[in-house]
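Student: One structure, pasted below without further comment.
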Amino acid sequence: GLHFLQSPAVPGSWVLALVWEHGRTEVWHFVVAVGWQLLQTLELCQGARARVVSVCGQGASLVWCEERPPLGAHSDSSKCAFRFCVCARALELGEQGVRLGTVRMVLHNSPEYQVLASSQHVFLVPASAGFATTSKFLLIWHPEKAEFTITAPSAGFIHSKVLRSSSESDFRKLLLGSVGLLSCFAPLDIHTSAVSSSGGLLLVSTKGSVSVVEPDGTQRHIFDLEGSPLVQGSPVQLKTFGSILACVLAGVLYLVDQNSGRLVEKAVLNMKEVHFLESQGEEDSIQLLSQTGIYSFSFSKPEDSSRPEPCLVEMVFEEACRYYQRRSLSSSKLTVEKLKKGGTFQAPVVLAAILQHSLHQKQNTMSLELQSYMSLELLKACVVCAPESEVESYCKELVEQEVSRVLQSDMDKDNLAYLNSVFTSFPKAAWKATRSCLQLQQNGDGLLVARATPEVWKKVLCQPQLEEVGQNGMAPLFELICASFLRFKPKWLPSFVELTQQYVSSSWSYSSKEGPEGRVPLYKRALGVLARRNKHSEADDEMELELLLCSKRPKAVLQALHLLIRLKQWQRVVEVAEKFSKLSPLLNKEIFITLLAEFAQHRELDPYLARLWLLCPAELSASDILTTVLQHLPHSQEDSVPFSSEGNQLTVGLLKAMSSQVLGAQGREILPVLAVWKPAPF
């Protein structure tokens, strides 16, 4: 490593530190009349076997990562991966010479890191992807606070920890509590890294994507380089000049505005290998060092970086094209030009107008959304580092915010999969979040009411395509909520299904195929959740009855009636028949015929005959009733006798009473038929 150091004792002088692999450090001083002079040679490392793998200058100090080989010849390979340490040491320059300060152990028992310093922070970038877990995050050291920030930028994970003592600087102790979460992330994709003039860490991925990681751990995308994916060994030079990022790749110079990501200028150079030189106070020109000399490249800066850039508006329309193309049934390609001229999709046009006219204002409509996003990210960090006693309360708040956020977004496959994982991992918190989002509560009469907005209801009732669910166990949101009801508040489930049906009936026509009832009725979806329970109990039978009846659909009511008959709950059979016969004449006829068939087979309904005959439709004739009775008489293997000892046969007396109450004058038609009815006793 070769680093220029600050020299408070000799202002304006040039002091250079040359650090060799085995820790030997040469300090050189430049004198105008003489040239470069060697001031002193020092030993940076304390151990004779140490090997410096990376070094950077941070103010008046040197920060380096060194390898400390294990003592044994055949050491465990997993332990050998953590044979590195990160150290810092002040390099004081005075009139008497150079003096090294004491070694400060920043981090020990760590994997290999490349260290890069800004004016106030030191970034630790994994040197290789050899060890799976450690190559998934970055470390940021804040020397003044003695604090480490762990960040997995692409995953949005940020966690900070203050090292109060040297014992806490152990790498494994630093990650304690975060290993499980970090292991779920994808490895970092880093081809080249450098520090910007503003103090951020510039990263270039193997795909050519340029981004910056701020000292607080957040990541922001800047620009995508042209060409094929970068291979290991292809050099990429990075340097910032004010708000301009200069990048050289394969002999092409890119100048990009960091604030907007707009390409300011692109130039093809005559040389492929160049090195950026420091520009003292000049932000509109770049000095390049090559094998043939030093060159200056001038460029025109953007007029006003606070103005929204045209490329930002273009990005809105490009993203909108991809969004609408995925949801389009047409095979024609949607382009930015069609999107701007068509006038069909207003959302990107409105957003572009906001960016063009309002983004430069400090207070705008996006500030509240950004504030909500930041509070959510901070809450996630609190969950990770909170003590066990507080985790549950944090999780409850986090899940409520996440469920609310997803319900305000498009319910696509990714969001639905995310909700499935939330409901599985935090069932109780997800249940409370659902109640809060739907505003479910009981009114003064004990009835369940919901004050959710129409947009939320549409998300709840959305039923994805069959190919999107089932294959990986992913359930639609309505099914997730029904499962939560069954687990935490089962008696509310029928009322919830009834509420959803009321919303559907007010939003879609009964036979509409676009609505949720056009595919599978909601009561059947709720019954499907009930059927997937591991154990079946009497309470499940009762729940099935309630779900069938709350739908008020003819087929469901008849199914519930047959279930009650199978359970031999005759009192409820009659009550359900009396209640739901009023819904429609056709359903009334079906219910009466069902009960008449049961009346012909056994004597369980005899105590309710007076109520049963009141349900008889006026259009039924005597012959219709008698035909139904004869069709459902129980078959006997033996010849009938005049008087059965079982006492469960239908008698003429019962039919006569029926004929007098129901049929009136038509009752006389039955008597001649009864005279030849041999199976019945007289």
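Student: What nm distance separates the two modelled labels at Lys272 and Glu388, each placed 7 Å from Cα along Cα→Cβ?
Tutor: 5.9
Student: Hey, what do the phi angles of segment 199-207 turn into as Karplus ³J(HN,Hα) couplings, whole Hz, using 6.51/-1.76/1.60 and θ = phi - 60°, x for Gly and Pro?
Tutor: x, x, 9, 7, 10, 10, 7, 5, 8
Student: Among Arg603, Arg327, Arg49, what's the order by accessible area (1.4 angstrom probe), most exposed first?
Tutor: Arg49, Arg327, Arg603
Student: A follow-up question, please. Would you kindly derive the ³J(HN,Hα) couplings of segment 21-30 from the backbone phi angles with the Karplus curve 6.51 cos²θ - 1.76 cosθ + 1.60 (θ = phi - 60°), listing them in order in whole Hz, with x for Gly and Pro?
Tutor: 4, 8, x, 5, 10, 9, 9, 10, 10, 9
Student: May I ask you to rank Phe599, Phe488 by accessible area, largest first, using a 1.4 Å probe over the protein chains only?
Tutor: Phe488, Phe599
Student: Using a 1.4 Å probe and counting only protein heavy atoms, arrange Val195, Val55, Val34 so the residue with the most accessible area comes first.
Tutor: So, going from the largest accessible area down, we get Val34, Val195, Val55.
Student: Given the peptides 58-67, 251-260, arrange them by the average over their residues of other C-beta atoms within 10 Å, most packed first.
Tutor: Peptide ranking by packing, descending: 58-67, 251-260.
Student: Rounded to the nearest 0.05, what FRET efficiency is calculated for Gln442 and Leu378 with R0 set to 45 Å and r the Cβ-Cβ distance?
Tutor: Numbers: r = 35 Å, r/R0 = 0.77.
The value I calculate is 0.85.
Student: Name the residues whose placed amide hydrogens come within less than 5 Å of the amide hydrogen of Leu188, ignoring near sequence neighbours (fewer than 5 apart) on the same chain.
Tutor: Lys136, Phe137
Student: Along Cα→Cβ, 7 Å out, is where each label goes; now give me the distance between the ones at Cys462 and Leu18 in nm to one decimal.
Tutor: Taking the two extended label points, one gets 6.4 nm.
Student: Another one. Hey, how many Å between the Cα centroid of segment 560-589 and the Cα centroid of segment 214-265?
Tutor: 74
Student: Phe241's amide H: which non-local residues (gap 5+, or another chain) put their own amide H closer than 5 Å, with H modeled 1.01 Å from N in plane and none for Pro or chain starts?
Tutor: For Phe241, whose amide H was placed from the backbone, the distant partners under 5 Å are Ala246.
Student: In addition: Working out 0.36 nm times the residue gap between Val336 and Leu2, then minus their Cα-Cα distance, what length gain in nm do you get to one decimal?
Tutor: This chain segment gains 115.3 nm when fully extended.
Student: Just order 265-274, 569-578 by mean Cβ neighbour count inside 10 Å, highest at the front, would you?
Tutor: Top of the packing list down: 569-578, 265-274.
Student: Further question on the same structure: Can you list residues from other chains, or at least 5 along the same chain, whose modelled amide H is less than 5 Å from the amide H of Ser54?
Tutor: Amide H to amide H, under 5 Å and 5 or more residues apart or across chains, Ser54 pairs with Cys65.
Student: How far apart, in nm, are two points set 7 Å out from the Cα along the Cα-to-Cβ line at Leu583 and at Thr292?
Tutor: 8.9
Student: May I ask you to compute the full-extension gain from Asp412 to Glu168, defined as 0.36 nm times their residue separation minus their alpha-carbon distance, rounded to one decimal in nm?
Tutor: Here the segment from Asp412 to Glu168 would lengthen by 83.5 nm.
Student: Lys579 accessible area, nearest 10 Å², 1.4 Å probe?
Tutor: Only protein atoms counted, so the area is about 140 Å².
Student: List, in order, the whole-Hz ³J(HN,Hα) value for each residue of segment 109-116 obtained from phi through the Karplus relation with A = 6.51, B = -1.76, C = 1.60 and θ = phi - 60°; use x for Gly and Pro.
Tutor: 6, 10, x, 6, 10, 8, 9, 9
Student: I'd like the accessible area for Cys184, computed on protein heavy atoms only with a 1.4 Å probe and all protein chains in place. Round to 10 Å², please.
Tutor: Result for Cys184: roughly 110 Å² accessible.
The values are calculated or read from the model by the stated rules, or taken from the named source; none is laboratory data. No experiment lies behind these values; they were computed from the predicted model shown. As a convention, Cβ positions derive from the backbone with ideal geometry for all residues, glycine included, and neighbour counts pool all protein chains shown. Side chains are part of the model used for accessible areas, which takes the heavy atoms of the whole protein and leaves out ligands, DNA and RNA. Shrake-Rupley method; radii C 1.70, N 1.55, O 1.52, S 1.80 Å.
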